[in-house]
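Every number in this text was worked out from the coordinates using simple rules, so none of it is lab data. Predicted model only: the values in this text are computed from it and were never measured. With ideal geometry, Cβ positions are generated from the backbone for all residues, glycine too; neighbour counts draw on all protein chains shown.
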Amino acid sequence: MNFYDNFKSRLKSKKIAVGVIGMGYVGLPLAILAAKKNFRVFGYERDSHRFKMLNKRKSYFTNIPSNSLNVFSKKTKFFKRFSNISECDILIICLPTPLKKNRPDLSHIVSSINLIAPKLRKGQLLILESTSYPGTTREKICEKLNSKFNLGKDFFVGFSSERINPGINDKKIDKIPKVVSGYSHKCLNLCVKFYKNLFNHIVKARSLEHAEFSKLLENIYRSVNIGFINEMKFIADRFNLDIFEILSLSNTKPYGFSRFDPGPGVGGHCIPIDPQYLYWKSVEKGFNPEFIKLSAKINLDVTKFIYSKIVSRTKKIKKNKSNIKILILGIAYKKNLDDIRASAPVRLIDYLLDKKFKFVNYSDPFISSCEFTQNKNKNSVKLSSQILKKTDIVILATDHDKFNYNFIKKYSRFIIDCRGKYNLDKKIVRG
Ligand SMILES: NC(=O)c1ccc[n+]([C@@H]2O[C@H](COP(=O)([O-])OP(=O)(O)OC[C@H]3O[C@@H](n4cnc5c(N)ncnc54)[C@H](O)[C@@H]3O)[C@@H](O)[C@H]2O)c1
């Protein structure tokens, strides 16, 4: 049988089932998109809560409303295990790629591949969408499947990076150019033909490794530029100048300048993690990257910068660690999201608690409670004029749209603004 031609003709008639492995921030929107384009979707999710919610067609992300899941017809099925994986024509892996002791942790991908490999059949297309270092698809997937299949002839493998920006572009991911790559020319062609059904613009990469590297480059570019602009913030502060004012001036240059804003430090599943993937692999290849290391350090140093502002205010109003009242606004790593993975405001609160500050609270409309260092659990404080009036230092860490900024300013005594929401004056400093 000619598996390649067979796949193409089945794809043309959309008689194929798309299996999405890992229904998280990446997998769920992708599954929704595939269902919208009339593909039969199988979603694989091992987390019991998410699995139950999927079966009730309910969303577990604030940035994805439950009615988006109405697109899942009766044909859409969800599974906790991989027993029926052979029924899928396409499998897309959207599993987490975290760090473990500062090293890439590919255990989710490796263990899933080990589980599904015996069940895979000829004629399937398997695509990795998780972010990882160049060489991952070849080393962890192709090499494992090489003994069972004639890759590129009777089984197809690709890598395609995911560019979703949760809370920002989730509703229009189909408009974002999609980078795709394949183990062989035929693998690439099948990936292109499939993704053309979902995305408006497809960008072909020369190899799996070029595509994998390009994803890391995109995120390292952000990490380095955010680190750079955070350093500019430290310097501007020494001059008593406002970094946001400087930025808005520089940003009028019509060429050669791309704006990056400073903040409380980086967070989430990508920016703090992906650079470490390339760093680690690069060191393994005998090259020590400097930019990656430096930007990671500076982005972490913002915590100490904000801390120095807290200490100076504490001294100025003649208070101390045991009586100063601090309120952090926004602890999600990014605005309008409920995601606290590697969140900089959470890091700041942990830091303050470790330094034995007694009254540290937070308010976040998306996160009702959170566990901090030393197993300290805190509930989000409801913002009121009374709370703000009683607080000595308000720190605007994450600028959710739900905050009433005029109200906050009116009733706060002193604000450390990490997001450039307010103009500087007697009671506003940058953090
Ligand atoms: N979140 C983003 O904004 C973003 C953007 C681009 C790329 N990425 C990359 O995409 C990948 C996935 O990220 P994410 O943010 O969607 O992660 P996530 O943690 O939100 O989702 C992963 C899902 O996989 C599930 N899972 C874990 N092991 C499983 C298994 N063995 N079987 C079935 N399900 C399993 C988890 O329960 C979870 O629901 C990562 O490599 C990440 O770096 C993420």
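I'd like the distance between the alpha-carbon centres of region 187-255 and region 93-122, rounded to an integer number of Å.
The two parts, judged by their Cα centres, are 27 Å apart.
Quick one: angle between helix 27-36 and the longest Cα principal axis of the chain, in degrees between 0 and 90, rounded to 10, please.
50
Counting DSSP beta bridges in the chain, what percent are antiparallel, to the nearest 5?
20
When we measure straight from the Cα of Lys382, which aspartates and glutamates land under 13 angstrom away, once same-chain ones fewer than 8 places off are left out?
Correct list for Lys382: Asp364.
Angle check, please: helix 3-12 long axis (alpha carbons) against the longest principal axis of the chain (alpha carbons), in degrees 0 to 90, nearest 10.
60
Rounded to the nearest 10 degrees, what's the angle between the helix 291-316 long axis and the longest principal axis of the chain, both from Cα atoms, 0 to 90?
Approximately 30 degrees, to the nearest 10.
Could you give the length gained on full extension between Asn165 and Lys427, defined as 0.36 nm per residue of separation minus the Cα-Cα distance, in nm?
91.0 nm
If you average the sequence gap of Cα pairs under 8 Å that are 6 or more apart and divide by the length of the chain, what percent do you get for the contact order?
11
When all alpha-carbon pairs of region 158-200 are counted, what percent fall beyond 11 Å?
64
How high is the relative contact order of region 3-209, in percent, with contacts defined as C-alpha pairs under 8 Å that are six or more residues apart?
Dividing the mean separation by the residue count of region 3-209 yields 19 percent.
Using 1/(1 + (r/R0)^6) with R0 = 25 angstrom and r between the beta carbons of Arg103 and Lys304, what's the FRET efficiency to the nearest 0.05?
0.50
Per the helix-only calculation at 222 nm, which mean residue ellipticity applies to the chain, given -39500 (n - 2.57) for every DSSP H run of n ≥ 4 and division by its residues, nearest 500 deg cm²/dmol?
After summing the helix terms and dividing by the residues of the chain, the value is -11000 deg cm²/dmol.
What Kirkwood hydrodynamic radius, in Å, does region 79-138 give when the mean of 1/r is taken over all pairs of distinct Cα atoms and then inverted?
Mean inverse Cα-Cα distance, inverted, gives 12.6 Å.
Over all pairs of distinct alpha carbons, what does the Kirkwood formula give as the hydrodynamic radius of region 160-258, in Å?
16.3 Å is the Kirkwood radius here.
Hey, could you pull the Cα Rg and Dmax for region 239-430, both in Å?
17.7, 58
Want the number for Lys382 to Arg81: 0.36 nm per residue separation, take away the alpha-carbon distance, what's left?
Additional length available on full extension: 104.3 nm.
Quick check: Cα centre of region 159-182 to Cα centre of region 312-360, how many Å?
34
Just from the alpha-carbon atoms, what are the Rg and Dmax of region 88-201 in angstroms?
14.4, 42
What is the antiparallel percent of DSSP beta bridges lying wholly in region 239-430, to the nearest 5?
If I count the DSSP bridges inside region 239-430, around 25 percent turn out antiparallel.
When the distances between all Cα atoms of region 3-209 are binned every 10 Å from zero, what whole-number percent does each bin get?
Reading upward from the zero bin: 9, 37, 40, 14, 1.
What lysines could a cross-link reach from Lys285, if we take a straight Cα to Cα line under 25 Å and drop same-chain neighbours fewer than 8 places away?
Partners found: Lys100, Lys101, Lys140, Lys144, Lys215, Lys293, Lys297.
Considering just Cα atoms, how many Å³ per residue does the convex hull of the chain enclose?
156
For region 176-317, what is one quarter of the convex hull surface built on the Cα atoms, given in nm²?
Convex hull of Cα atoms, orientation-averaged projection: 12.3 nm².
Starting from the Cα-Cα distance between Lys144 and Phe257, subtract it from 0.36 nm times their residue separation and give me the gain in nm to one decimal.
36.2 nm is the gain from fully extending Lys144 to Phe257.
With a cut-off of 19 Å, note down the residues of region 42-64 whose backbone N falls inside the zone around a label point 7 Å from the Cα of Lys74 toward its beta carbon.
Residues 42-43, 55-58 qualify, since their backbone N sits under 19 Å from the label point.
Under 19 Å Cα-Cα from Lys75, which lysines qualify once same-chain neighbours fewer than 8 residues away are excluded?
Of all the lysines, those that pass the test against Lys75 - Cα under 19 Å, at least 8 places apart if same chain - are Lys12, Lys14, Lys15, Lys36, Lys37, Lys52, Lys56, Lys58.
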